[in-house]
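In what follows, a single structure is set out as structure tokens and then discussed.
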Amino acid sequence: MVFEHDISPILFEAGPLEVRWYGLFFAVGLVLAYLLTRWIFKREKYSATHLDSLAVYLIIGLIVGARLGHIIFYNLEYFLAHPLEIFQIWNGGLASHGAAIGVFIAYLIWIKVHKVKFTKYPDALVICFPIVAMFVRIGNFFNSEIVGVKSGCSECGVIFRRLGEDFPRHPAQLYEAVLSLVIFVVLFLLYDKYYKKTPALFFMFLYMFMYFMGRFFIEFYKDLQGPIESMPMTMGQLLSILPVLLALGYFIFVYRKQKVRGK
């Protein structure tokens, strides 16, 4: 089945105001993730005040890190030549690896300011991270960006008419959206049944492993991006190796030595 994608990235315009699908999906993802995380904090009797403060730090870290990651990892030369476009995030251009780094740094700053132990909140927070990632990738699809390679089959895939193309590609953005949805379901079900029976940082490292391992394989279906097209791996694959190794190291060497949080 072939879908001809000719959807405008602009949802509507009202005078000088321009609302894009990407911005809408990004905002929806953030709001849903916040509301569900607030429910988790309430259920675990964590501080709602801490969450509200954390949310500000993490959203700033997410946006700044994701944007800088896209600029540095994928298109530095272009943005150095067009610096004003650095701020036009409504046109897309957020890198998940940069987002992870930005969120991590923001969390480190927050715990330093509020004098909170590092291991207290990561597990409760990461459960809803895939929600944001899912909606961002749907926004990428509406923007006709981060496209997949040619499908190799004239009867299946997506034709991105907005790119002036007449051949089908793999909808790599939607593959990642589905990956994030599956990860969220797995994390939430495990949280609901086993949160008290798991040690601190279990969910954080599980999320890291599932997302970046999945991302590594989905990269095979993406059109090449970034400055390393001549290498055997894409930039996304290269950047995924370290978090996967860190997660494996945790589960092999640390996980069984920890006490569960319910004790």
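The values are calculated or read from the model by the stated rules, or taken from the named source; none is laboratory data. None of these values were measured; they are calculated from a predicted model. Note that we place each Cβ from the backbone using ideal geometry, even for glycine, and neighbour counts take in every protein chain shown.
Of the residues making up the range 219-230, at least one is surrounded by fewer than 16 Cβ atoms within 10 Å (Cβ to Cβ) and more than 30 Å from Ser8 (Cα to Cα).
Residue-by-condition table, conditions (1) hydroxyl-bearing (Ser, Thr, Tyr); (2) modelled with pLDDT under 95:
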residue: Leu181; (1), (2): no, no
residue: Phe188; (1), (2): no, no
residue: Ser230; (1), (2): yes, yes
residue: Leu246; (1), (2): no, no
residue: Arg261; (1), (2): no, yes
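If the condition is being touching a strand residue (DSSP E or B) at 6+ places or on another chain (Cβ under 7 Å) and surrounded by 13 or more Cβ atoms within 10 Å (Cβ to Cβ), then the range 11-34 contributes Leu11, Glu18, Val19, Arg20, Trp21, Leu24. Residues in the range 77-92 that are at pLDDT 85 or above and hydrophobic (A, V, I, L, M, F, W, C) were compared, and the one that is farthest from Val56 (Cα to Cα) is Ala81.
Yes/no matrix, rows are residues, columns are (1) closer than 25 Å to His50 by Cβ; (2) more than 12 Å from the chain's Cα centre (by Cα); (3) at pLDDT 95 or above; (4) assigned to a helix (DSSP H, G or I):
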{"position": "Leu94", "(1), (2), (3), (4)": "no, no, no, no"}
{"position": "Tyr107", "(1), (2), (3), (4)": "yes, yes, yes, yes"}
{"position": "Val132", "(1), (2), (3), (4)": "yes, no, yes, yes"}
{"position": "Glu165", "(1), (2), (3), (4)": "no, yes, no, no"}
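How many of the residues making up the range 192-213 are of a type outside the set (A, V, I, L, M, F, W, C), assigned to a helix (DSSP H, G or I) and either crowded, with 19+ Cβ neighbours inside 10 Å or in contact with a strand residue (DSSP E or B) (Cβ under 8 Å, 6 or more places away or on another chain) (or both)?
Of the residues in the range 192-213, the ones of a type outside the set (A, V, I, L, M, F, W, C) are 192-199, 207, 211.
So of that shortlist, the ones also assigned to a helix (DSSP H, G or I) come out as 192-197, 207, 211.
After this cut, where a residue has to be either crowded, with 19+ Cβ neighbours inside 10 Å or in contact with a strand residue (DSSP E or B) (Cβ under 8 Å, 6 or more places away or on another chain) (or both) as well, the list is 195-197, 207, 211.
Final tally of qualifying residues: 5.
Scanning the range 218-228 for residues that are touching a strand residue (DSSP E or B) at 6+ places or on another chain (Cβ under 9 Å) and either modelled with pLDDT under 85 or charged (D, E, K, R) (or both) yields Lys222, Asp223. Scanning the range 162-177 for residues that are out of contact with any Pro (no Cβ under 8 Å at 6 or more places or on another chain) and touching a residue at least 24 places away in the same chain (Cβ under 8 Å) gives Pro168, Arg169, His170, Pro171, Ala172, Gln173, Leu174, Tyr175, Glu176, Ala177.
Among the candidates Tyr34, Tyr46, Tyr57, single out the residue that is among the hydroxyl-bearing types (Ser, Thr, Tyr), within 27 Å of Asp192 (Cβ to Cβ) and under 16 Å from the mean Cα position of the chain (by Cα). Spell out the reasoning first.
Numbers: Tyr46 fails: under 16 Å from the mean Cα position of the chain (by Cα); Tyr57 fails: under 16 Å from the mean Cα position of the chain (by Cα).
So the residue among Tyr34, Tyr46, Tyr57 that is among the hydroxyl-bearing types (Ser, Thr, Tyr), within 27 Å of Asp192 (Cβ to Cβ) and under 16 Å from the mean Cα position of the chain (by Cα) is Tyr34.
Would you please name the residue that is surrounded by the most Cβ atoms within 10 Å (Cβ to Cβ), looking only at residues in the range 35-50 that are part of a helix (DSSP H, G or I) and in contact (Cβ under 8 Å) with a residue 40 or more places away in the chain? Applying the filter and picking the extreme gives Thr37.
If you check Ser154 against the conditions, is it in a loop (DSSP other than H, G, I, E, B) and touching a Leu at 6+ places or on another chain (Cβ under 9 Å)? Write out each step before concluding.
Numbers: in a loop (DSSP other than H, G, I, E, B): yes; touching a Leu at 6+ places or on another chain (Cβ under 9 Å): no.
So Ser154 fails the test.
Could you check the range 22-33 and list, in sequence order, the residues that are closer than 19 Å to Phe188 by Cβ and without any contact (Cβ under 8 Å) to a residue 40 or more places away in the chain? First the steps, then the outcome.
Keep residues of the range 22-33 that are closer than 19 Å to Phe188 by Cβ, which gives 28-33.
Once the filter is applied, which keeps residues that are closer than 19 Å to Phe188 by Cβ and without any contact (Cβ under 8 Å) to a residue 40 or more places away in the chain, the range 22-33 yields only Val31.
Beta carbons closer than 8 Å, at least 6 apart along the sequence or on distinct chains, pair a first residue in the range 102-118 that is over 13 Å from Val56 (Cα atoms) and basic (Lys, Arg) with a second that is at pLDDT 95 or above and surrounded by 12 or more Cβ atoms within 10 Å (Cβ to Cβ) for Lys117/Ile111.
Hey, could you check the range 138-190 for residues that are among the acidic types (Asp, Glu) and more than 21 Å from Phe216 (Cβ to Cβ) and say which is surrounded by the most Cβ atoms within 10 Å (Cβ to Cβ)? Going through the qualifying residues, I end up with Glu165. One residue is enough: does the range 63-76 have a residue meeting the conditions at positive phi and in a loop (DSSP other than H, G, I, E, B)? Looking through the range 63-76, none of the residues is at positive phi and in a loop (DSSP other than H, G, I, E, B). Of Leu201, Leu206, all but one fail to be at pLDDT 95 or above and under 15 Å from the mean Cα position of the chain (by Cα); the exception is Leu206.
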